[in-house]
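Report on one structure; see the data block that follows.
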Amino acid sequence: LQIDDLVERLCQGDPRALARALTLVENRSKDAREILSRVFGHRGTSAVLGITGPAGVGKSTLADRLAERGRALGRDVAILAIDPTSPLTGGAFLGDRARMDAGARDTSIFIRSMATRGHVGGLAGAAFEALFLLEAAKKDIIFLETVGSGQDEVEVAAAVDATLVVLAPGLGDELQAAKAGILEVADVFVVNKSDREGADALAHDLSLIAGERPVRRTTATTGEGVAELLADALRIAAGRAGSRDRRLMEVWLRDVLSTTVRDRIRESSWEDALTALVAREVTPYEAAERILAEL
Ligand SMILES: Nc1nc2c(ncn2[C@@H]2O[C@H](COP(=O)(O)OP(=O)(O)OP(=O)(O)O)[C@@H](O)[C@H]2O)c(=O)[nH]1
Ligand SMILES: [Mg+2]
């Protein structure tokens, strides 16, 4: 069978098999579920490092440098950029802006940007599924890039061993927005674009809220500070070995369950309940009970 072959090559780390399997996940193909169930028993040993932060702060550039550093240390590395696929842009915008002109790059680094629109469990569900495939392919370090916009990041943070929150000078309001959500999931704060004016002030600001957590300065375009950052991140990840699994499963199960319930309802009694509600025959509480009873 074709799937057997794909899974076998995937587990040997064949990048083409990996790419193919990720496309199946992205397209929500039935085969993707089959592949997942085949590799699900495998316990990976990858260090999964989340890279998140507002748009344009240099996450992709930094992920590239970190991955190169990982390669220099002899590790097998992958970068997965999760694209929330806004209905406005309609396509992949995350992960490749800086990469397009990166020129000659290290082809031994597996890079993939993945759209998640309409995926069961949204962004988190697709990211988790992709992560399992990368772990099955025995990557030593997986960098998971997401654009910082709130709840999704908090969910994705559950799936990583360490979260790097990347900021850059000149963010203004975006910094305030970022502070509200993603800062609490940070294990390491990164002031990227340290070559720019305002980096000192930002690093100082962050040190006030960071507590014990490190604040690292990087210039992703030159690689400055990247080796130290990777060392920090790997140290934190190693200190957490094993604790990711339960957090991840909890978020994943909750996502899949709520999506499944929503889908089932849509197929059955949603319209009836709505009609009854509008006619004031039932309250929303009674309507919800009725829907659940019919499931
Ligand atoms: N001056 C300076 N520019 C940088 C640095 N890091 C990245 N950039 C530039 O910032 C721009 C955005 O970089 P990306 O790596 O695409 O940023 P991103 O956070 O991945 O962007 P999105 O994925 O769109 O959210 C590019 O033009 C980079 O070359 C840096 O350390 N210093
Ligand atoms: Mg990017």
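Counting the residues of the range 195-224 that are farther than 21 Å from Ile236 by Cβ and buried (at least 20 other Cβ atoms within 10 Å of the Cβ) gives 3. Annotation note: of Leu22, Leu10, the sole residue that is away from ligand 2 (no atom under 16 Å from the Cβ) and modelled with pLDDT under 95 is Leu22. Only one entry of Ser29, Ser37 meets the criterion of being within 15 Å of Met114 (Cα to Cα) and either within 16 Å of ligand 2 (Cβ to nearest atom) or without any contact (Cβ under 8 Å) to a residue 24 or more places away in the chain (or both), and that entry is Ser29. Residue under question is Leu49, and the condition is that it be under 15 Å from Ala127 (Cβ atoms), in contact (Cβ under 8 Å) with a residue 40 or more places away in the chain, within 16 Å of ligand 1 (Cβ to nearest atom) and in contact with a helix residue (DSSP H, G or I) (Cβ under 8 Å, 6 or more places away or on another chain); does it hold? Yes. Of the residues that make up the range 218-230, is at least one within 16 Å of ligand 2 (Cβ to nearest atom) and more than 21 Å from the chain's Cα centre (by Cα)? Looking for residues that are within 16 Å of ligand 2 (Cβ to nearest atom) and more than 21 Å from the chain's Cα centre (by Cα), one finds at least one in the range 218-230, hence yes. Only one of Asp76, Asp31 is modelled with pLDDT of 95 or more and surrounded by fewer than 19 Cβ atoms within 10 Å (Cβ to Cβ); which? Within the list Asp76, Asp31, the selection yields Asp76. With the requirement that a residue be within 16 Å of ligand 2 (Cβ to nearest atom) and in contact with a Ser or Thr (Cβ under 7 Å, 6 or more places away or on another chain), what does the range 60-80 give you? The answer is Thr61, Leu62.
The values are calculated or read from the model by the stated rules, or taken from the named source; none is laboratory data. Computed from a predicted structure; not experimentally measured. Cβ coordinates were reconstructed from backbone atoms using ideal geometry, including for glycine residues, and neighbour counts include every protein chain displayed.
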